[in-house]
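*Asks:* Take this structure first; my questions come after.
The values are calculated or read from the model by the stated rules, or taken from the named source; none is laboratory data. All of these numbers come straight from a predicted model, not from anything done at the bench. Here the Cβ is made from the backbone with ideal geometry for all residues, glycine too, and neighbour counts use every protein chain on show.
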Amino acid sequence: MMYYARVEAVTLPALSCVALCGGTHGNELSGIYLVQETLKNKRKGEAMEAVTVVTVISNPRAVQQRVRYTETDLNRCFTYAMLSAPVSERTPYEIIRSQELNSLLGPKGSGQAVDLICDLHNTTANMGLCLITYADSDWICLHICKHLQARTNDPYTAQR
Ligand SMILES: [Zn+2]
């Protein structure tokens, strides 16, 4: 006896605005390079985008100093509590920056927020291309990962 899985067509929602973020950690150069190159191509008019792409150097102070962060890890500053925390002269730069990014790309969880944020990082481990998504049920991110895996020359990533 043979069983057949029922396959249903899946319609994905259209993305209208995507954020491309580099430099969340100022010493991770790949994302910084990609954001800078994307901006150059936009200025030259070479970027033909089907969606609006917002390019952001997430932590410009850390990028300028070539350090991971200047006062606290920006990657840990996107909780709702930190995003709504009052600001004083003693507030770490990265918390202030997270609130600026939340205004630019969000507000987080709202209908005005960008549809997708691609936050590009590096690692010092020799692990090739590493793709991380927040949920294994996010079909858009899974399709993006599949697309990137198919186009990479990294045999380790391509085999997965
Ligand atoms: Zn990082």
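*Asks:* Note down all Cβ pairs under 9 Å where the first residue falls in segment 67-78 and is of a type in the set (A, V, I, L, M), the second is outside any loop (DSSP other than H, G, I, E, B) and within 13 Å of the ligand (Cβ to nearest atom), and they're at least six residues apart or on different chains.
*Replies:* Leu74/Ala62; Leu74/Glu94
*Asks:* Another one. Counting just the residues of segment 1-32 that are out of contact with any strand residue (DSSP E or B) (no Cβ under 7 Å at 6 or more places or on another chain) and hydroxyl-bearing (Ser, Thr, Tyr), which one comes out farthest from Cys118 (Cα to Cα)?
*Replies:* Filtering first and then ranking leaves Tyr3.
*Asks:* Looking at (1) within 16 Å of the ligand (Cβ to nearest atom); (2) within 16 Å of the chain's Cα centre (by Cα); (3) crowded, with 17+ Cβ neighbours inside 10 Å, which is the only condition Arg61 fails?
*Replies:* Checking Arg61 against (1) within 16 Å of the ligand (Cβ to nearest atom); (2) within 16 Å of the chain's Cα centre (by Cα); (3) crowded, with 17+ Cβ neighbours inside 10 Å, the one that fails is (2).
*Asks:* For segment 73-160, please list each of the helices (runs of 4 or more DSSP H) lying entirely inside it that holds at least 1 residues being surrounded by fewer than 14 Cβ atoms within 10 Å (Cβ to Cβ) and assigned by TED's automatic domain parsing to the domain that holds Thr24.
*Replies:* Of the helices (runs of 4 or more DSSP H) lying wholly inside segment 73-160, those with at least 1 residues that are surrounded by fewer than 14 Cβ atoms within 10 Å (Cβ to Cβ) and assigned by TED's automatic domain parsing to the domain that holds Thr24 span 80-83, 93-105.
*Asks:* Can you name the condition, by its number, that Lys44 falls short on among (1) away from the ligand (no atom under 16 Å from the Cβ); (2) at pLDDT 95 or above; (3) basic (Lys, Arg)?
*Replies:* Every listed condition holds for Lys44 apart from (2).
*Asks:* Would a scan of segment 11-24 turn up a residue that is surrounded by 12 or more Cβ atoms within 10 Å (Cβ to Cβ) and touching a Pro at 6+ places or on another chain (Cβ under 9 Å)?
*Replies:* So far as segment 11-24 goes, yes, one or more of its residues are surrounded by 12 or more Cβ atoms within 10 Å (Cβ to Cβ) and touching a Pro at 6+ places or on another chain (Cβ under 9 Å).
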